[in-house]
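For reference, the structure discussed in these notes is given below.
Bear in mind that the values in this text are calculations on the coordinates, not laboratory data. Computed from a predicted structure; not experimentally measured. Here the Cβ positions follow ideal geometry from the backbone for every residue, glycine too, while neighbour counts run over all protein chains shown.
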């Protein structure tokens, strides 16, 4: 068993133990999504193909645990990604915080180099005026995907409503690889969202400044379970 998987198992077990006393007071939720392409920080994880994704979460007050899964295609036989996460969402003044950890698990991936990895993250968001939502976050991994070493990810976002039924949002992120000189890059996305008859629709333009990585338009449809 890999050291990375062991850390992820410990994280998941600790989250469950913390949640156990209050599960009766919490709420379960889930979702299923069909997307035209799954991109992670601007880079396709499915070789540009459509994919089905799903999530299952439990939340109580300001604490949550959950899992999210998607098919992937890395060209090496890896076909599944399962994320396990836990976090805390307190409010401090006008800021809503989100502090937690996430373990990225690829159960059918080759063992060498290691693809599984863990990140810890912290973010803050607030509303400016009556309707402009802004946020910023940072994530840190002590040994990122493919064992490339320390990695940081910074992101900022803004969102505004467009009338009663639509929303517009934009996000910019920066991947900072401490041990890979020249591999840092910026990703960005602009999305239009709406909901109808219990379905959530997302139309999004996503790109990076990576040479040869084409910008793309992604359409997703999701429904809460």
(message) At R0 = 25 Å, how high is the FRET efficiency between residue 134 and residue 112 if r is their beta carbon distance? Nearest 0.05 is fine.
(response) 0.05
(request) Distance between Cα centroids, region 73-138 to region 140-198: provide it in whole Å. (result) 10 Å
(request) Provide 204, 41 in ascending order of the number of other Cβ atoms located within 10 Å of each residue's Cβ, fewest first. (result) 41, 204
(message) Per DSSP helix of 4 or more residues, -39500 (n - 2.57); summed, then divided by the residues of the chain. What does that give at 222 nm, rounded to the nearest 500?
(response) -2500 deg cm²/dmol
(message) What number do you get for region 100-225 when its Cα radius of gyration is normalised by 2.2 N^0.38 Å, N = residues?
(response) 1.24
(request) Report the relative contact order of region 3-224, percent, no decimals, based on alpha-carbon pairs under 8 angstrom and at least 6 residues apart. (result) 14 percent
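Over all directions, what mean area does the Cα convex hull of the chain project, stated in square nanometres?
That works out to 13.5 nm².
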(request) For residue 52 and residue 31, compute 0.36 nm times the residue count separating them, minus their Cα-Cα distance, and round to one decimal in nm. (result) 6.5 nm
(message) Sort 27, 119, 81 by Cβ crowding within 10 Å, fewest neighbours at the top.
(response) 27, 119, 81
(request) Starting from the Cα of residue 203, step 7 Å along the direction of its Cβ; do the same at residue 221; then give the gap between the two resulting points in nm. (result) 1.4 nm
(request) At 7 Å along the Cα-to-beta-carbon direction for both residue 125 and residue 99, put a label point, then send me their distance in nm to one decimal. (result) 1.9 nm
(message) On a full-extension model of 0.36 nm per residue, what is the gain between residue 91 and residue 195, subtracting their alpha-carbon distance, rounded to one decimal in nm?
(response) 34.7 nm
